[in-house]
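**Q** One structure coming up, written as structure tokens, with questions to follow.
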Amino acid sequence: MHRLLLVESSPTLRCGLEKLLLRHGFAVVSLPADAQALAAFDQELSRGLATLILGWSNTPAAICEAFVQRLQKPDCRQLALVVLAADPSHVDASLSSGRAYTRVQRLQRPSEVPRLVRGLLAQVASELRPDAESPTALKVLLVDDSRTSRTKYQRLLRNHGYAVVACEDAEAALERVKTEHFDLAVIDYFMPGMNGAMLCRALRELPATRDMTLAVLTGSYEEGLISDCLAAGASECMFKNESDELVVARVDSMARLCERERRLKEEGQRLELILSSVGDGVYGVDRHGRITFVNPAALRLLQCTHEDELVGLSAHERLHHRDERGRPVPAETCFLQQAYELGDSLSNWETVFWRADGEMLNVECTVRPQHQGEDCVGVVVAFRDIAERKRHEAETQWQLRHDHLTKLHNRRHFEYMLEQEIFRLRRSAEQSALLFIDLDRFKHINDSAGHAAGDALLSSIGRKLKSRSRQSDLVARLGGDEFAVLLRNVDDGSVLALAEKFRAILDDGNFSHGGREFEVSGSVGIARLSRHTLSPAYAMNCADAACHIAKREGRNRIHMFDLGGDAGALATLQQSWSERLKIALAAGSFALQFQPIFDLRRLPEATTEEMADELPANALYGHEVFVRLDDVDTLLAPRAFLSQAERFELMPALDGWVMDRIALMLAREARPVASRFHLNVATASLLDAGYLARLTTLLREGAFAPGQLCLEIKESELAGQLPALLPVLGELHQLGVRLLLDEYGRGLGGLGHLRGLPLSAVKLDGSLVQGLAGDEVGVLMVRAMTDLAHAMKAVVIAPLIEDTTVLQRLRSAGVDYAQGFVLGEPRTSWSALLPA
């Protein structure tokens with residue numbers, strides 16, 4: 001990373017140049033041209049200053065003369081100098097013509113400054129290193145099978161101060177890293193043998209290169225290729241048709257991370273804290289929270305012009321007195337204020353600051369206490385603007401819930417909303433409906449006119465379906481040419497009328513593409529939803545079966561599912577699941593998600609939905625593991641396939657896959673994982689010899705720490721199986737497995753059996769939890785059941801918590817642990833919530 005000092009008296013020009021240089025990847029210190037700038041120049045030289053940009057025209061003559069004299073000293077000989085002047089002829093001759101590595105630039109062309117700086121730095125690097133790399137240069141491993149590409153990028157990076165070692169294939173690179181240390185690697189994707197993604201994975205497996213910064217270089221913009229590289233551990237994808245300047249800027253960005261990490265390891269705690277905030281805002285506070293100092297970057301981020309606007313004021317009252325919705329935050333409930341007063345540490349804490357102009361600033365903070373001897377005298381806060389990241393996260397969340405082609409909701413989000421609707425109907429007398437819409441002869445259009453025509457048709461149909469839907473309806477594309485609509489609060493008569501509107505959309509006019517006309521129609525299947533609906537998966541199957549019947553009866557029509565007459569069609573549809581699941585097990589086409597479980601005693605009293613991503617790490621108890629079926633373009637929830645797996649006796653194989661996957665993920669972690677993992681397991685699996693043998697082997701080999709693995713068994717599955725299960729559960733308990741009874745309280749008839757089970761925990765039935773907001777009797781029942789579980793030395797976990805009122809009622813009832821969407825949605829990784 002190239003350190004650069006900008007000295008310019010004009011605030012406007014200084015601000016514009018600073019932004020320009022930051023965009024080009026430089027570490028910039030910007031100061032007005034005065035005596036303090038001279039002192040800062042000496043300080044920056046000691047820290048490895050590479051470039052000075054001096055504004056000549058607006059700088060007092062005495063300051064210009066002082067800089068001219070200082071630049072003649074030996075420690076400035078290798079410093080790149082850019083002088084900005086309205087009239088270059090007025091610049092001191094000793095600078096304009098008598099000094100090496102110097103360029104004088106007219107003020108009218110400031111946009112040329114980054115290019116001039118890079119050119120000067122390349123000149124310095126090449127003249128200092130004619131034959132060998134500088135021993136202090138960052139070391140880059142370049143891997144490319146093309147000799148032309150290797151030569152080009154090796155020269156380009158060397159000219160910008162990097163020590164480059166080039167290898168022609170992955171095998172040579174793997175041999176090279178055995179004997180040499182590299183800071184980062186730039187790897188071509190398309191190579192014979194191991195491609196770039198494969199080499200990234202191999203480097204991530206080696207202890208010496210596990211933490212190396214990796215970038216993949218490719219000429220292809222294919223989405224799958226980029227995803228493969230990022231999944232393999234690359235932190236950057238660079239493209240060969242990009243400009244050299246952009247490639248260098250990307251490498252510089254990665255190099256900055258490498259250099260910061262190197263400095264953090266070499267310097268002391270206080271210097272480490274300050275240097276880690278380079279480019280970030282930094283301020284200090286005393287134990288009462290009054291600001292004691294602030295750096296220039298903080299002033300810039302907070303839209304302040306002078307430190308007097310902040311120093312001496314309360315940081316809480318000035319910066320973080322309101323939340324992101326503008327609501328007041330009392331000092332006694334503000335995490336940052338409490339950290340100031342307690343001398344506590346916070347890492348990667350996301351919150352909002354309020355700027356001097358009244359605008360909100362999304363920030364990520366790091367808080368570290370400062371000590372004199374054993375006494376804490378205050379804390380230092382480093383923060384950065386994360387507005388761009390927040391925007392990206394919001395965009396990512398939208399993409400996770402929507403189909404990229406039609407912009408409708410995708411299958412994953414639709415299934416979640418369907419599950420919520422069925423939960424709602426169980427507490428209501430209302431009726432809703434589910435529509436399955438399948439285009440007729442879509443394959444003919446796709447095959448005869450091409451995929452572009454098919455995509456255009458799907459996009460058009462998606463827009464029309466959305467335009468005809470009510471505000472309360474939910475329209476989704478499930479995949480291929482299948483669409484679904486959730487109609488809330490409708491009776492049979494209105495369902496048929498609404499379904500006819502959607503069918504008419506498909507039959508209304510022909511589809512034109514490339515000068516050809518195609519007839520379009522669709523079949524609609526309807527499944528009623530009510531408090532008696534068995535499950536979301538059952539509703540989806542019924543609607544799908546009804547759609548198949550509509551197609552079989554002649555297409556372009558509507559059919560409402562009737563169990564009396566359509567049971568055969570439903571059975572045929574379900575039969576296809578057997579083969580589908582067997583193929584998925586053979587291919588490993590499943591994925592895992594992790595939902596956090598929190599200790600209620602460690603959560604803040606005033607926990608809100610907005611705090612779900614800011615809960616204290618020490619409150620984390622563990623994670624429940626959910627298995628999803630990877631269905632081409634979406635992940636199917638367990639409700640869509642578990643009943644089928646049970647029916648075809650595939651649960652031992654599926655539970656075994658989940659167990660093996662967790663063990664593998666734990667083995668790949670560089671440090672021990674302290675979290676507990678709750679796995680739902682079928683009694684059929686616990687009674688299966690193959691599953692038990694595999695589990696026993698993993699436990700005895702130390703794949704799981706004692707108490708780390710918790711098996712959740714549904715109370716409803718214990719009936720009739722208890723005599724055979726007791727010895728199995730006892731043996732697993734002896735091997736360090738924690739056992740949990742799920743759906744505790746659903747039937748209440750099995751409570752007498754609890755005393756004979758080696759249980760560590762029980763999980764309340766979700767139906768008991770979801771109705772607690774307005775159910776005083778329910779709270780009393782939960783308290784009684786909690787007391788009973790505590791008497792048997794078992795802790796109590798409450799699932800499916802959807803609002804903070806229920807959370808508070810569970811806390812008052814004595815429940816120990818909690819999980820639900822109000823505290824955290826299932827994620828693809830557990831590591832983001834683990835304590836640092």
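The values are calculated or read from the model by the stated rules, or taken from the named source; none is laboratory data. The model shown is predicted, which means the values in this text are computed figures rather than measured ones. Virtual Cβ from ideal backbone geometry, glycine too; neighbours counted across all protein chains shown.
**Q** I want to confirm something. Restricting to the range 734-782 and keeping residues that are out of contact with any helix residue (DSSP H, G or I) (no Cβ under 8 Å at 6 or more places or on another chain), part of a helix (DSSP H, G or I) and modelled with pLDDT of 85 or more, which single residue is farthest from residue 815 (Cα to Cα)?
**A** By that ranking, first place goes to 734.
**Q** Among the residues of the range 783-830, which ones are at negative phi and small (Gly, Ala, Ser)?
**A** To start, the set of residues in the range 783-830 that are at negative phi comprises 783-792, 794-799, 801-813, 815-819, 821-823, 825-830.
784, 789, 791, 794, 798, 812, 813, 818, 829 - these are the residues of the range 783-830 that are at negative phi and small (Gly, Ala, Ser).
**Q** Considering 363, 367, 329, 381, which residue is within 26 Å of the chain's Cα centre (by Cα), over 12 Å from residue 284 (Cα atoms) and not polar (S, T, N, Q)?
**A** Numbers: 367 fails: over 12 Å from residue 284 (Cα atoms); 329 fails: within 26 Å of the chain's Cα centre (by Cα); 381 fails: over 12 Å from residue 284 (Cα atoms).
Of the residues listed, the single one that is within 26 Å of the chain's Cα centre (by Cα), over 12 Å from residue 284 (Cα atoms) and not polar (S, T, N, Q) is 363.
**Q** Within 19 Å of residue 410 (Cα to Cα), free of Cβ contacts under 8 Å to residues at least 60 places away in the same chain and exposed (fewer than 15 other Cβ atoms within 10 Å of the Cβ): which single residue out of 494, 472, 512 fits that description? Spell out how you get there, then give the answer.
**A** Numbers: 494 fails: within 19 Å of residue 410 (Cα to Cα); 512 fails: within 19 Å of residue 410 (Cα to Cα).
The conditions single out 472.
**Q** Given the range 328-426, what helices (runs of 4 or more DSSP H) lie entirely inside it while holding 2 or more residues that are of a type in the set (Gly, Ala, Ser)? Explain how you work it out, then say what you get.
**A** Values: elements: 335-342, 387-401, 411-425.
Because the criterion is at least 2 residues that are of a type in the set (Gly, Ala, Ser), the helices (runs of 4 or more DSSP H) in the range 328-426 that meet it are 387-401.
**Q** Return the residues of the range 116-172 that are modelled with pLDDT under 90, in contact with a helix residue (DSSP H, G or I) (Cβ under 9 Å, 6 or more places away or on another chain) and among the hydroxyl-bearing types (Ser, Thr, Tyr); say none if nothing qualifies.
**A** 126, 134, 162
**Q** Select from the range 21-49 the residues that are at positive phi and either buried (at least 20 other Cβ atoms within 10 Å of the Cβ) or in contact with a helix residue (DSSP H, G or I) (Cβ under 6 Å, 6 or more places away or on another chain) (or both) and list them in ascending order. Give the derivation first.
**A** Residues of the range 21-49 at positive phi: 25, 48.
The answer is 25, and nothing else.
**Q** For the range 456-469, how many residues are within 12 Å of residue 505 (Cβ to Cβ) and either hydrophobic (A, V, I, L, M, F, W, C) or free of Cβ contacts under 8 Å to residues at least 40 places away in the same chain (or both)? Talk me through it step by step, then tell me what you get.
**A** Just the residues of the range 456-469 that are within 12 Å of residue 505 (Cβ to Cβ), to begin with: 460-469.
Adding the requirement that they be either hydrophobic (A, V, I, L, M, F, W, C) or free of Cβ contacts under 8 Å to residues at least 40 places away in the same chain (or both) leaves 461, 465, 467-469.
Residues in the range 456-469 being within 12 Å of residue 505 (Cβ to Cβ) and either hydrophobic (A, V, I, L, M, F, W, C) or free of Cβ contacts under 8 Å to residues at least 40 places away in the same chain (or both): 5 in total.
**Q** As an exercise: evaluate residue 200 against (1) under 21 Å from residue 261 (Cβ atoms); (2) outside any helix (DSSP H, G or I); (3) within 28 Å of the chain's Cα centre (by Cα) and give the number of the one condition it does not meet.
**A** For residue 200, the failing item is (2).
**Q** Follow-up. How many residues does the range 285-297 contain that are small (Gly, Ala, Ser) and either touching a Cys at 6+ places or on another chain (Cβ under 8 Å) or modelled with pLDDT of 90 or more (or both)? Spell out the reasoning first.
**A** In the first step, residues of the range 285-297 are kept if they are small (Gly, Ala, Ser); the result is 289, 297.
Checking which are either touching a Cys at 6+ places or on another chain (Cβ under 8 Å) or modelled with pLDDT of 90 or more (or both) leaves us with 289.
Residues flagged as small (Gly, Ala, Ser) and either touching a Cys at 6+ places or on another chain (Cβ under 8 Å) or modelled with pLDDT of 90 or more (or both) within the range 285-297 amount to 1.
**Q** While we're here: Does the range 358-373 include one or more residues that are more than 30 Å from residue 184 (Cα to Cα), at pLDDT below 90 and of a type in the set (D, E, K, R)?
**A** Looking for residues that are more than 30 Å from residue 184 (Cα to Cα), at pLDDT below 90 and of a type in the set (D, E, K, R), one finds none in the range 358-373, hence no.
**Q** So residue 68 clears everything in (1) over 25 Å from residue 298 (Cβ atoms); (2) not in a helix (DSSP H, G or I) except one condition, right? Which one?
**A** The single condition residue 68 does not satisfy is (2).
**Q** Against the definition (surrounded by 12 or more Cβ atoms within 10 Å (Cβ to Cβ), more than 15 Å from the chain's Cα centre (by Cα) and without any contact (Cβ under 8 Å) to a residue 60 or more places away in the chain), how does residue 376 come out, yes or no?
**A** On the way: surrounded by 12 or more Cβ atoms within 10 Å (Cβ to Cβ): yes; more than 15 Å from the chain's Cα centre (by Cα): yes; without any contact (Cβ under 8 Å) to a residue 60 or more places away in the chain: no.
Against the criterion (surrounded by 12 or more Cβ atoms within 10 Å (Cβ to Cβ), more than 15 Å from the chain's Cα centre (by Cα) and without any contact (Cβ under 8 Å) to a residue 60 or more places away in the chain), residue 376 does not qualify.
**Q** Report yes if residue 503 is touching a residue at least 12 places away in the same chain (Cβ under 8 Å), of a type in the set (Lys, Arg) and within 19 Å of residue 555 (Cα to Cα), otherwise no. Let's see the steps before the verdict.
**A** Numbers: touching a residue at least 12 places away in the same chain (Cβ under 8 Å): yes; of a type in the set (Lys, Arg): yes; within 19 Å of residue 555 (Cα to Cα): yes.
In short, yes.
**Q** May I ask you to list pairs of residues, at least six apart or on different chains, whose Cβ atoms are under 9 Å apart, with the first in the range 185-201 being assigned by TED's automatic domain parsing to the domain that holds residue 147 and among the acidic types (Asp, Glu) and the second being assigned to a loop (DSSP other than H, G, I, E, B) and crowded, with 22+ Cβ neighbours inside 10 Å?
**A** 188/144
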